[in-house]
1. Give the calculated FRET efficiency between residue 85 and residue 65 to the nearest 0.05, with a Förster radius of 41 Å applied to their Cβ-Cβ distance.
2. Per the 1.4 Å probe, what fraction of the accessible area of the chain, in percent, lies on carbon and sulfur atoms?
3. I'd like to compare 15-24, 89-98: which one has the highest average count of other Cβ atoms within 10 Å, and what's the full order after that?
4. If you take the square roots of the eigenvalues of the alpha-carbon gyration tensor of the chain and sort them as a ≥ b ≥ c, do you get rounded (a/c under 1.5), prolate (a/b over b/c) or oblate?
5. Which distance in Å, rounded to a whole number, links the C-alpha centroids of the range 8-60 and the range 61-136?
6. Roughly how many nanometres apart are two label points built 7 Å out from the Cα toward the Cβ at residue 41 and residue 17?
7. What length, rounded to one decimal in nm, is gained on full extension from residue 49 through to residue 29, with 0.36 nm per residue of separation minus their alpha-carbon distance?
8. From the square roots a ≥ b ≥ c of the eigenvalues of the alpha-carbon gyration tensor of the range 57-136, which class results: rounded (a/c under 1.5), prolate (a/b over b/c), or oblate?
Amino acid sequence: MTCQISHTTVDCANAYELSEWWKQVLGYADLPDDPNEPGHEECMIHSPETGHRLLFIEVPDTKQVKNRIHFDLQPATGTRDEEVQRVVALGATEVDDQRNRYGPGIGWVVLADPEGNEFCILRSDEERARAPMTES
């Protein structure tokens with residue numbers, strides 16, 4: 001017997017605002033039978049393509065240290081750098097630039113969402129096919 005992941009939960013100060021922000025980043029949507037509204041303390045969104053669900057829950061404490069778990073995002077189309085620009089324009093903050101960690105332009109960029117939760121943007125499949133990662 002094994003378990004499966006039902007959804008990923010993100011603790012936050014404002015569930016509605018953060019779920020709305022992540023919907024823009026990921027192309028997710030509200031659940032059809034449970035729309036999110038301002039003031040909701042729990043807001044679930046899902047991927048219309050895969051069904052993956054994210055649940056944002058309001059908690060009284062604030063983020064204090066680096067996340068122990070985070071999202072690694074990969075552009076479905078375009079490049080990592082184009083996606084970094086798009087997400088920063090939506091309100092993300094750059095935390096660390098690791099683009100040259102394994103050679104020129106190869107690594108990733110660490111960003112934070114509006115509440116400070118870190119996530120990474122990796123290279124797209126197309127970029128990795130053109131320039132595979134090699135250790136320096």
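The values are calculated or read from the model by the stated rules, or taken from the named source; none is laboratory data. Everything numeric in this text was worked out from a predicted model, so none of it was measured. All Cβ positions, even for glycine, are placed from backbone atoms using ideal geometry, and neighbour counts span all protein chains on display. Areas reflect the complete protein model, heavy atoms only, side chains present, ligands, DNA and RNA absent. Shrake-Rupley method; radii C 1.70, N 1.55, O 1.52, S 1.80 Å.
1. It comes to 0.90.
2. Of all accessible area on the chain, carbon and sulfur atoms account for 51 percent.
3. Most protected by this proxy first, the peptides run 15-24, 89-98.
4. Prolate.
5. Result: 21 Å between the Cα centres.
6. 1.8
7. Extra length available between residue 49 and residue 29 comes to 6.2 nm.
8. prolate
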